[in-house]
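**Student:** What follows is a structure written as structure tokens; I'll ask about it next.
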Amino acid sequence: MRYSELFCPTLREIPSEAEIISHQLLLRAGFIRKATAGVYTYMPLANRVLRKIMNIIREEMDRAGAQELLMPIVQPREIWEESGRWAVYGDEMFRLKDRHNREFALGPTHEELITSLVNADVHSYRDLPLMLYQIQNKYRDEIRPRFGLMRGREFIMKDLYSFDADYEGLDISYNKMYEAYRRVFERLNLKYRVVEADSGAIGGNESHEFVVLADTGESEIVYCDNCDYAANVEKAACVVEKQDISEPMRDIEKVATPGQKTIEEVSAFLGISKDKHVKTLMYEADGEIIAVVIRGDRELNEAKLKNFLNCAQLFMAEENKVRKLCGATFGSLGPVGLECKVYVDLEVANMRNFVCGANEDDFHLVNVNLGRDFVPEAVADLRNAVKGDKCPICGNSLDVLRGIEVGHIFKLGTKYSEAMNATFLDQNGKEKPFIMGCYGIGVSRTMAAAVEQNHDEDGIIWPIPIAPYHVIIVPVNMKNDKLRTAAEDIYNTLIEAGIETILDDRDERAGVKFKDADLIGIPVRITIGPKSLQENRVEIKKRWEKESELVELTGVLEKVREILKG
RNA sequence: CGGGAUGUGGCUCAGCUUGGUAGAGCGUCUGGUUCGGGACCAGAAGGUCGCAGGUUCAAAUCCUGUCAUCCCGACCA
């Protein structure tokens, strides 16, 4: 490709709408342009990157025994009614009507469609297992599209669905996908972690997320360096250290804490450390107000609470309702004497003589003890895991990382097949629902994640397997015939050798070309300058290294091949 | 949907408080000088100041409404 013909408008300045680095760089480097919030055009270079990511995914899905198909984006309302999700999916689904006023959705996902498809054409256990996938645009009318490609309303996803005759079969399909996903992310050359995930409302019993590590990521994961344990914070089980609770219970005491609201304030005011405090959070769970008690310096994990209560709706109670029930506002609540059900985090069950609100504004209780001063409805693991917690597998200290969720695999079981009455006949001629799994990779998000993980102050540094081009040739002055001819010669040699190469034939100053080459992140740069060319040599620089090296003209192809091999 | 902020040439932003001829830098085009890390000189094009209404002799500026975008929260690949 000649740069002079390449459609790649680069920007010197950071567009003000972009907050995170991948968004900024993809815009600046001319990879993406916004059409409207959360909807982007993939420019030619981005398109090449996406195709490479897709091809790696395809190869691994095919290797695992899956088949690619392509389903429609426009889906009729009826199949969503069958699964019950027309109502449940809510505003996140793009909906439209045709001229006859029939309703449709733009597919946010394809469980419904594929289930009805497979149900129509697969009737026997002999046809199972079956794994089908597609790579296609998905549509989700996110409340808040964010961070460029990270959370788009239109995005590219690989979605695969497995159909098995029994749960043993599902385990096999699931494991095949697990391995295939590992291979995909290995091949993409991304640093990632597989974490146990909360399968939440989907109801499956197993789920893993594939998380590309990046400080700007939205998911938080805890992991153990000693064993293989890793889980997202939603899921990570908190193990309670056996604490010494031989400390004698002291007499409960009510103390005035005028104006002190937050744990920090009360802790400082009373001179009692934060880990001797508990906080009481009021929630509304399916309409019932409940109290949740956790250690003062911890965070409540709403997913755990929701799972534990097995409720459909959970949100923080409104302050006026709380005041009516407890007689105090948020900063002064405590579990003692509360009229509602009280749920207590495991950790609190091991605390003695702690501090909590007195349910009276400007007063707290000290030396409160569970059992003596209040009796909880239940004790459960309800908080977020934090750095330093014990690994639930080996007991080692856990660490925390941030990352971007790029893949997620679920065991669905019969959720959709039962709802949609999708069945096959087993060996005994009995009708049974398909046992399903679903497996997604955010393709466009993976591209953004790759940038998030691979960049420096000058621009993107594409991992070789997904780089839009592998080599960029920069003659420092196009008006110099010798440089130009040498550049053309090398360009032809590389192209003939099948190496994806850009020749920067623009009549620009060298500085401009270097800046652009760095910005768009081509892995190998060949600089052709007058002094080195005099000695029949050119400079070859790897994008991720500072220094370049001089290579004989005759050795360029070999050198490039060597670098690209890794 | 709640909270916050912003809309002025392609990009980044100034001007708005105190109403009076619409600005700068970058980019683009032309000519020239330059030519190894975003050059310089000269010239040029390009804006109904998001949109609609209102106040006023006069609105980018004040008021009302509306739309869009971005950030923070709940959702997720």
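**Student:** In sequence order, what are the phi-derived ³J(HN,Hα) couplings for region A:523-530 according to the Karplus relation 6.51 cos²θ - 1.76 cosθ + 1.60 with θ = phi - 60°, rounded to whole Hz, with x for glycine and proline?
**Tutor:** Karplus values, whole Hz, x for Gly and Pro: x, 10, 10, 10, 9, 10, x, x.
**Student:** Under unit Cβ charges (Lys, Arg +1; Asp, Glu -1), what dipole magnitude, rounded to 20 debye, does chain A have relative to its Cα centre? Before the final figure, lay out the partial values.
**Tutor:** Details: 74 positive and 93 negative charges, 258 e Å.
In debye, rounded to 20, chain A gives about 1240.
**Student:** Continuing with the same structure: Hey, if you drop one equal point scatterer on each alpha-carbon of chain A and run the Debye formula without solvent, what base-10 log of I(q)/I(0) do you get at q = 0.10, 0.12 Å⁻¹?
**Tutor:** With no solvent term, the Cα-only Debye profile gives -0.98, -1.18.
**Student:** Moving on to the next point. Can you list the chymotrypsin sites (Phe, Trp or Tyr not before Pro) in region A:407-465 that are in a DSSP coil and have 14 or fewer other beta carbons within 10 angstrom? All intermediate terms of the calculation are to be shown ahead of the outcome.
**Tutor:** Details: sites: A:F410, A:Y416, A:F424, A:F434, A:Y439; in loops: A:F434.
Those that pass, being in a loop and sparsely packed, number zero.
**Student:** For the pair A:S124 and A:D98, how long in nm is the line joining their label points, each one 7 Å along Cα→Cβ?
**Tutor:** 3.4 nm
**Student:** Binning every alpha carbon pair distance of region A:469-565 at 5 Å from zero, what are the percents per bin?
**Tutor:** Binned Cα distances yield the sequence 3, 14, 28, 28, 20, 6, 0.
**Student:** Hey, another quick one. In whole angstrom, note down how far apart the Cα centers of region A:483-520 and region A:336-371 are.
**Tutor:** 70 Å
**Student:** What is the spin-label model distance, in nm, from A:V240 to A:K341 if the labels are put 7 Å beyond Cα along the C-beta direction?
**Tutor:** Spacing of the two 7 Å Cα→Cβ label points: 1.9 nm.
**Student:** If you filter region A:415-508 for trypsin sites (Lys or Arg not before Pro), then keep DSSP loop positions with at most 11 other Cβ within 10 Å, what is left?
**Tutor:** Numbers: sites: A:K415, A:K430, A:R445, A:K479, A:K482, A:R484, A:R506; in loops: A:K430, A:K479, A:R506.
Passing sites in region A:415-508 are A:K430, A:K479.
**Student:** Same structure again: May I ask you to list the residues of region A:502-516 whose amide nitrogen lies under 18 Å from a point 7 Å from Cα along the Cα→beta-carbon direction of A:N477?
**Tutor:** Label zone hits: A:504-514.
**Student:** So, in nm, how far is label A:N421 from label A:E488 when the simple model puts each one 7 Å beyond its Cα toward the Cβ?
**Tutor:** My value for the distance between the label points is 7.2 nm.
**Student:** Apply 1/(1 + (r/R0)^6) to the Cβ-Cβ distance of A:T329 and A:E218, taking R0 = 30 Å, and write down the FRET efficiency to the nearest 0.05.
**Tutor:** Efficiency for this residue pair is about 0.45.
**Student:** Calculate, for region A:211-271, the solvent-accessible area per residue in square angstrom, rolling a 1.4 angstrom probe over the heavy atoms of the protein chains.
**Tutor:** Numbers: 3570 Å² over 61 residues.
That works out to 58 Å² for each residue.
**Student:** Sticking with this structure for a sec: For A:E247 and A:N226, compute 0.36 nm times the residue count separating them, minus their Cα-Cα distance, and round to one decimal in nm. Don't skip to the end; give the middle numbers.
**Tutor:** Values: separation 21, 0.36 × 21 = 7.56 nm, distance 3.30 nm.
Result: 4.3 nm gained on full extension.
**Student:** Return the lysines within reach of A:K97: Cα separation strictly under 23 angstrom, same-chain partners fewer than 8 residues apart disregarded; answer none if there are no such residues.
**Tutor:** Partners within reach: A:K138.
**Student:** Hey, another quick one. How much length would be gained if the chain were fully extended between A:D458 and A:S397, taking 0.36 nm per residue of separation minus their Cα-Cα distance, in nm to one decimal? Mind dumping the intermediate values first?
**Tutor:** Details: separation 61, 0.36 × 61 = 21.96 nm, distance 3.71 nm.
Full-extension gain reported as 18.3 nm.
**Student:** Only bridges with both residues in chain A count here: give the DSSP antiparallel percent, nearest 5.
**Tutor:** Working: 90 of 112 bridges.
In chain A, approximately 80 percent of DSSP beta bridges are antiparallel ones.
**Student:** Projected area of region A:337-420, taken from the Cα convex hull and averaged over every viewing direction, in nm²? List each step's numbers first, then the result.
**Tutor:** Numbers: hull surface 43.5 nm².
Average of the hull's projected areas for region A:337-420 equals 10.9 nm².
**Student:** Here's a follow-up. Quick check on region A:253-380: of the DSSP beta bridges with both residues there, what percent are antiparallel, nearest 5%?
**Tutor:** Details: 18 of 27 bridges.
Rounded to the nearest five, the antiparallel share is 65 percent.
**Student:** Against the globular-protein guess of 2.2 N^0.38 Å, express the Cα radius of gyration of region A:407-471 as a ratio, rounded to two decimals.
**Tutor:** Details: Rg = 21.2 Å, N = 65, 2.2 N^0.38 = 10.7 Å.
Dividing the Cα radius of gyration by 2.2 N^0.38 Å gives 1.97.
**Student:** Per the Cauchy relation, a quarter of the hull surface: what is the mean projected area of the convex hull of the alpha carbons in region A:314-354, in nm²? Write out the running numbers ahead of the final one.
**Tutor:** On the way: hull surface 14.8 nm².
With the hull built on Cα positions only, its mean projection is 3.7 nm².
**Student:** In addition: Using only the Cα atoms of region A:269-390, what semi-axes does the equivalent ellipsoid have when each is the square root of 5 times a gyration tensor eigenvalue? Give whole Å, largest first. Don't skip to the end; give the middle numbers.
**Tutor:** Details: eigenvalues 82, 71, 31 Å².
One finds semi-axes of 20, 19, 13 Å for region A:269-390.
**Student:** Using a/c under 1.5 as the rounded threshold, could you call region A:76-191 rounded, prolate or oblate? The axes a ≥ b ≥ c are square roots of the C-alpha gyration tensor eigenvalues, and prolate needs a/b larger than b/c, oblate otherwise.
**Tutor:** On the way: a/c = 2.60, a/b = 1.17, b/c = 2.23.
Note, shape of region A:76-191 comes out oblate.
**Student:** Okay, next question. Could you tell me the distance between the Cα centroids of region A:39-105 and region A:241-308, to the nearest Å?
**Tutor:** Cα centres, region A:39-105 to region A:241-308: 45 Å.
**Student:** Also: Counting DSSP beta bridges with both partners in region A:469-565, what percentage is antiparallel, nearest 5? Write down the numbers at each step before the final one.
**Tutor:** Numbers: 9 of 17 bridges.
In region A:469-565, DSSP labels about 55 percent of beta bridges as antiparallel.
**Student:** Using 16 Å as the cut-off for backbone N distance, which residues of region A:216-234 belong to the label zone defined by a point 7 Å from the Cα of A:L314 along Cα→Cβ?
**Tutor:** The answer is A:232-234, whose backbone nitrogens lie closer than 16 Å to the label point.
**Student:** Near the amide H of A:I473, under 5 Å away, which other amide H atoms are found, from residues 5 or more places off or on another chain, if H is placed in the peptide plane?
**Tutor:** So A:I473 has HN proximity to A:I502, A:L503, A:D504, A:I526.
**Student:** Taking Cα centroids, how far is region A:524-558 from region A:153-173 in Å?
**Tutor:** Each part reduced to its Cα centre gives a spacing of 48 Å.
The values are calculated or read from the model by the stated rules, or taken from the named source; none is laboratory data. Treat the numbers as computed from the prediction; the structure is a model and nothing was measured. Positions of Cβ are generated from backbone atoms using ideal geometry, with glycine treated the same way; all protein chains shown enter the neighbour counts. When the accessible area is computed, the model is the full protein with side chains, heavy atoms only, and any ligands, DNA or RNA have been set aside. Shrake-Rupley method; radii C 1.70, N 1.55, O 1.52, S 1.80 Å.
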